[in-house]
Every structure is written in structure tokens, then in C-alpha cells.
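Structure first, commentary second.
Only the coordinates and a few stated rules stand behind these numbers; no lab work does. Just so it is clear, the model here is predicted, and its values are computed rather than measured. For neighbour counting, all protein chains shown are included, and Cβ atoms are generated from backbone atoms with ideal geometry for every residue, glycine included.
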Amino acid sequence: MKKVFLLLVVILVALPLSARPKLEFAPRASLYISSVNFGIGADIIANPTKNIGLRVNLAELIFGDYTLFTINRPGNLEVLLYTPVANIISYFDLIFGLQAGDVATVVTIGGGAGYETTMGKKNKFFLEPSLIIATGDGDTDFTFRLSGGLKFGIF
């Protein structure tokens, strides 16, 4: 019984240490297609485990049909699920957002798939198509986003 207990303790201590949390800085360029817009921005990605990442938008400048500058886009959280599929898809992206305003509340959901390749020890290049659905005030918008950029490992 002591051996089983000791084995469980070793496993419970070793699992969190093997999947060390890391933080990544990701500058990116995006092409938005609903009305054609181009964006330049940066994200922070926290990876609490080896298979899950949480991405938040730091800042983005979007221009084209309209010009918009956002700092930490309100209510936007993206979950990255790292599950490689056939050397083509490196992760899946799940998008959630909620923005309450004076006029309307906007709910955003979406998803996509990402491809990344290593460019050194902690750096990666990524390419990511996504579909974003935003609804609020009786209106629903569908936007296709194609993003590409670099991920720099901070730690």
C-alpha cells in the first residue's frame, strides 16, 4: 500500500512539472473578410499546460473600410487546443467574446485551425484561418480572418 501511495505522489508531483507553463508574445498581421480590412496587432499567449493555451489581444490597428485601434479588445478570449492532426493542423482555436455597451451587447463566438512551425528554440511561425460570428442588436456578422505571424517564447 505504501508503494502505491508513493507512486501516486510521484505522479501528481511530476505531471505539473513536466508541462511547465510558458508565456509567448505573438505579433501578427490579419486579413478580415466581411468587408475587407487589414490588421496589425500583437497577442499574449499563456500556456498553462502542454495542450492548452489562452490568448488575449494586446493591441491591434485595423484599417480598410474603416479604421479602428483597440487596446486589449474588450471581452475577447481565445482558447488554443494543441492537438496535431496529420502534420497540417497544429492547434484548434476557439473564440469567445462578450462586450456590453450602451447601445447593445455583442456576443462573439468562432473557431479555426492553426499551423505552426518551429524557427529556433522558442520561436514559431504561425498561419491561422478562422471564422468569427458576432451577434448583437438583432444583427449577425460573419467574418473570415486569416492571420499570420511569429510567436516568441518569453519563458
What is the distance, in nm, between label points placed 7 Å from the Cα along the Cα-to-Cβ direction at residue 133 and at residue 52?
2.4
Set of the range 126-143 residues, backbone N closer than 12 Å to the point 7 Å along the Cα-Cβ line of residue 104
134-142
Rounded to 0.05, the calculated FRET efficiency for the beta carbons of residue 38 and residue 155 at R₀ = 22 Å is 0.10
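Work the Kirkwood hydrodynamic radius out for the range 64-143: mean of 1/r over every pair of different alpha-carbon atoms, inverted, in Å. Can you show the working numbers first?
Numbers: mean 1/r = 0.0685 Å⁻¹.
Evaluated over the range 64-143, this radius sits at 14.6 Å.
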Starting from the Cα of residue 124, draw a straight line to each of the aspartates and glutamates and keep only those under 13 Å, dropping any in the same chain fewer than 8 residues away.
24, 116
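Under the Kirkwood approximation applied to all pairs of distinct alpha-carbon atoms, what is the hydrodynamic radius of the range 20-153 in Å?
Details: mean 1/r = 0.0651 Å⁻¹.
Kirkwood radius, the range 20-153: 15.4 Å.
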